[in-house]
Each structure stands twice: as structure tokens, then as C-alpha cells.
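Enquirer: This is the structure, below, for whatever I ask next.
Every read-out reported here was derived from the displayed coordinates using simple, explicitly stated rules and does not represent laboratory data. Treat the numbers as computed from the prediction; the structure is a model and nothing was measured. Backbone-built Cβ (ideal geometry, glycine too); neighbour counts: all protein chains shown.
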Ligand code: PLP
Ligand code: TYF
């Protein structure tokens, strides 16, 4: 039976890491996968995470199962990060949250919940979007449609295309929105554009699904939640899938959450009961460690402040690398204007390099970036930037 199964294609991003590992060149650079590296090129465990783990190791008395929705303290902390303390949505108990395995697991739970419990079968995603979105949502049975987002000529937002395309959406359609630090473009909506999108969702009865994987990597924890909060203040219903892989550096702990917001407490509670049923049928209940780490840090005023400093350090280092990258390209004799890179948010820069140039970077120079031209600025250091920029100057 199995012998007729065809080979699945490699993941466009993770497949690149496999090729990178096999590359024998000493000065190779991996700017494919979105993983934060410090100035030494390492991805260390955050100090606050180590402190929380020490506390947890000491206090742990059991490995008993968590409830289906995970750690209660974690779920309330997630809601505060998303909507802000004392938000009306939280006060009115219109939001219910379940801890879930990473942003990916949270998105998949959202998709399974929607497919089984609503008539919403069409999801609009930005063009371009994170490569795994299509995979997650199609696997769950949703039909994908695309809305315009990016204008290659200007390296900027194509908001007119976004709004024009979404005019064709039908009541009940779902719209996937990147909370901040859009992957792969690094281009986010302004506050007034968020207002427009929120109003469009109200007028056309669209249901927003926020993918929020980079809170704190744009401008700050509160600033990065503005888009979500603007839309949430307008629409009666929405879903949020958030991740702490990047902002707590908890990549392999698989920690995120799915939050459902409904028009009133009763509807939210019933919807959440179906989300729990979905979870029960998928992995029963989440792994504990990541949720305990995050809730330990967020519920301790000192640890929380230390975490915010660590997060700001990551954010600021990436911003510095953006500026240095643009300057170094110039000093390597590149005439093209790359200043747009210092205006983009988050881990990624959408370089505008062609597939052919991306292949030459890999084959001739050992510089690995994603085929779309997406570069992980979070993997740049003062040491590797000259190597990267020399190579880019050659392929241009
Ligand atoms: N959503 C986006 C836009 C991402 O870029 C990522 C990870 O890179 C995720 C979701 C998933 O994150 P996680 O590793 O927590 O599953
Ligand atoms: O770099 C990116 O966009 C992501 C990173 O399980 C990633 O694909 C890697 C592994 C994973 C989830 C996300």
C-alpha cells in the first residue's frame, strides 16, 4: 500500500537548512530560516527563561496532564499581551484562550475549528505570505484566495490592491492578517490602514484570523499589538493564533495559543468548547514546559521587566543590522537603492533579488536566502555582513 506513495516536496525554508548543513564551505551563511542570532551568531536561551526554568525545576511536583486548554495563568497572560490590560473584550469575557503547540499548532487548531463548526470555507491570505500558511489551511480543508499586498516596483505596501481584492470576498469569508512584522515582506499596515481593514471586515462580514508570531520584534510589545487591537475593537468575532517561539526564543518548546473572540460571553464559551473538542481529537492537551516558562516570567514583575529588556535587545540588534546592511551594500559599490530595507519590520527583509540571483548567491558564494528573495536579517552579524554584501554586489 505504501509503495505507491510519491515523494513530498521539501519545505522551501527548512529544505534550505538541510542543503546548508551539507555545504562544506567554511564561510557559508544561512539567512534562510527565521531564527534570531546574536552578535556571536548563536541562538542562546534567554536569561529570563533560564531563571524561570530554575524556579520551575525546584517547584515541580508532578508531571500530571494539563487540562485541554493548558496552563490557566498562561492563558490570561496571553490575553493581556494581545489586548492590553483591562481591555473591554477581556472584561466582558468575550475571549477564550487555549495554550497550543507553537504558532503553527494554533493556526491548525483554528483551521480545524472553523472547518468543522462554521460555514466559512474560504480564507484570504496576502500575496505573498508565509509559505506554510497554504499548507496548514489547505490540509484542514479551507479554500485559499489571495489579496494583493506588495508592490515589487516600489518595495512597498500595495494597499489599494488589498482593498480592491477584498471587495470580492463574501460574507463569512476568513481573512488572514499578520499582526506585525509581516512574513516575508517586513511591511505592516499603518494605524489608519488597520482602521480601514477593520471597517471592511465589519461592512462585508469577514472574520479576521490574526497570525501573531512576532510581537515585540517591530516597535515594541504594545505598539505591535495596535493593529490587532484596532480591528478587535470593531469586529464582533475574530481568532488569534500567537507564538512565543521568537519573542521568548522558545522555538523547540512549541508554545503558542489560540484565542477566540465572540460577540458575547455565551457564544465565546460555546465556540471555545468546540476548540477544546478539536484539541482533544488532535493532541489531547498541550506540553507543559513552554506555557509554564512564559507564565512564570509574565506573572513576576522583575522577570517580566528583564524579559522586555532582552526582547528590546533582539529588536534593536536587528534594526542595527538593517542599517549596516544597507550601508555596506553602498560601500561595496551597489548603485541600486536598498534603503527600503531599513524601513521594514521584524526578522525579514524582502530584498527584491530574483530567483536566479538567489541561486547564484547559494551556488557561487555559499549565502543561503529563500527563493522569494527573503533574507533573514536576524541571522546577520557584523562579521558576516561584508561576506553577504560582497556576494550580493557580485550577483547584481
Ligand atoms: N506564523 C508566521 C508568520 C511565522 O513566521 C511563523 C514562524 O516562523 C509561525 C507562524 C509559526 O511559528 P511556530 O514556530 O511557533 O510554529
Ligand atoms: O523562517 C520561517 O519563515 C519559518 C521558520 O517548525 C520555521 O518557516 C521553522 C520551523 C518551524 C516553524 C517555522
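Enquirer: Debye calculation, C-alpha points only, no solvent: report log10 I(q)/I(0) for the stretch 65-299 at q = 0.17, 0.18 Å⁻¹, in the same order as the q values.
Expert: Results for the stretch 65-299 at q = 0.17, 0.18 Å⁻¹ read -1.30, -1.48.
Enquirer: As an exercise, use a Förster radius of 22 Å and the Cβ-Cβ distance of residue 233 and residue 304 to find the FRET efficiency, rounded to the nearest 0.05. Please list the in-between numbers first.
Expert: Working: r = 25 Å, r/R0 = 1.14.
About 0.30, to the nearest 0.05.
Enquirer: Round to the nearest 10 and give me the degree value, 0 to 90, for the angle of helix 102-117's Cα axis relative to the longest principal axis of the chain.
Expert: With both axes taken from Cα atoms, the answer is about 50 degrees.
Enquirer: Sticking with this structure for a sec: According to the square roots a ≥ b ≥ c of the eigenvalues of the Cα gyration tensor, what is the shape class of the stretch 296-364, taking rounded for a/c under 1.5, prolate for a/b larger than b/c otherwise, and oblate for the remainder?
Expert: On the way: a/c = 3.65, a/b = 2.43, b/c = 1.50.
It comes out prolate by the Cα gyration axes.
Enquirer: How big is the Cα convex hull of the stretch 48-200 in projection, averaged over all directions, in nm²?
Expert: Numbers: hull surface 48.6 nm².
The number I arrive at for the stretch 48-200 is 12.1 nm².
Enquirer: In degrees from 0 to 90, rounded to the nearest 10, what is the angle of the helix 355-365 Cα long axis to the longest principal axis of the chain?
Expert: 60
Enquirer: Just to be sure I understand the model, the point goes 7 Å from the Cα along the line to the Cβ. What's the resulting residue 118 to residue 335 distance in nm?
Expert: Using points 7 Å along Cα→Cβ, the separation is 5.1 nm.
Enquirer: Among rounded, prolate and oblate, which fits the stretch 220-295 when a ≥ b ≥ c are the square roots of the eigenvalues of its C-alpha gyration tensor, a/c under 1.5 means rounded, and a/b larger than b/c means prolate? Could you put the intermediate results ahead of the total?
Expert: On the way: a/c = 2.86, a/b = 1.11, b/c = 2.58.
The shape class here is oblate.
Enquirer: Calculate, for residue 263 and residue 134, the FRET efficiency according to 1/(1 + (r/R0)^6) with r their C-beta to C-beta distance and R0 22 Å; round to the nearest 0.05. Provide the component values of the computation, followed by the final result.
Expert: Values: r = 30 Å, r/R0 = 1.36.
After rounding to 0.05, the efficiency reads 0.15.
Enquirer: Another one. What order do you get for 103-114, 66-77 when each peptide is scored by the mean count of other beta carbon atoms within 10 Å, highest first?
Expert: 103-114, 66-77
Enquirer: Can you compute the label reach from residue 283? Point 7 Å from Cα along the Cβ direction, backbone N cut-off under 11 Å, restricted to the stretch 62-99.
Expert: The answer is 99, whose backbone nitrogens lie closer than 11 Å to the label point.
Enquirer: Another question about this same structure. What is the stretch 65-299's relative contact order, in percent, from Cα pairs under 8 angstrom and six or more apart in sequence?
Expert: Working: 450 pairs, mean separation 70.7, N = 235.
Taking the mean separation of contacting Cα pairs over the length of the stretch 65-299, I get 30 percent.
Enquirer: Work out Dmax and Rg for the stretch 1-74 from the C-alpha atoms and quote the Rg first, both in angstrom.
Expert: Final numbers for Rg and Dmax: 20.2, 51 Å.
Enquirer: Still on this structure, I have one more. Please build a GNM for the chain, connecting alpha carbons under 10 Å apart, and tell me which residue among 287, 208, 171 fluctuates the most.
Expert: Its mean-square fluctuation being the largest, the pick is 171.
Enquirer: Taking Cα atoms, how many degrees apart are the long axis of helix 47-59 and the longest axis of the chain, rounded to 10 and kept between 0 and 90?
Expert: Relative to the chain, helix 47-59 is tipped by roughly 40 degrees.
Enquirer: At a Förster radius of 25 Å, what calculated FRET efficiency corresponds to the Cβ-Cβ distance of residue 359 and residue 323, to the nearest 0.05?
Expert: Details: r = 28 Å, r/R0 = 1.10.
Step by step, r from the Cβ atoms, then E = 0.35.
Enquirer: For the chain, what does the helix formula give at 222 nm: sum of -39500 (n - 2.57) over DSSP H segments with n ≥ 4, over the residue count, nearest 500 deg cm²/dmol? Each step should come with its number before you reach the end.
Expert: Working: 15 runs with 178 residues, N = 396.
Value at 222 nm, helices only, nearest 500: -14000 deg cm²/dmol.
Enquirer: For the chain, state what percent of all Cα-Cα pairs lands in each successive 20 Å bin, counting from 0 Å until the bin that includes the largest distance.
Expert: Using 20 Å bins, I get a P(r) of 27, 57, 15, 0 for the chain.
Enquirer: Could you state the number of Å between the C-alpha centres of the stretch 80-110 and the stretch 307-379?
Expert: The stretch 307-379 and the stretch 80-110 have Cα centres spaced 32 Å from each other.
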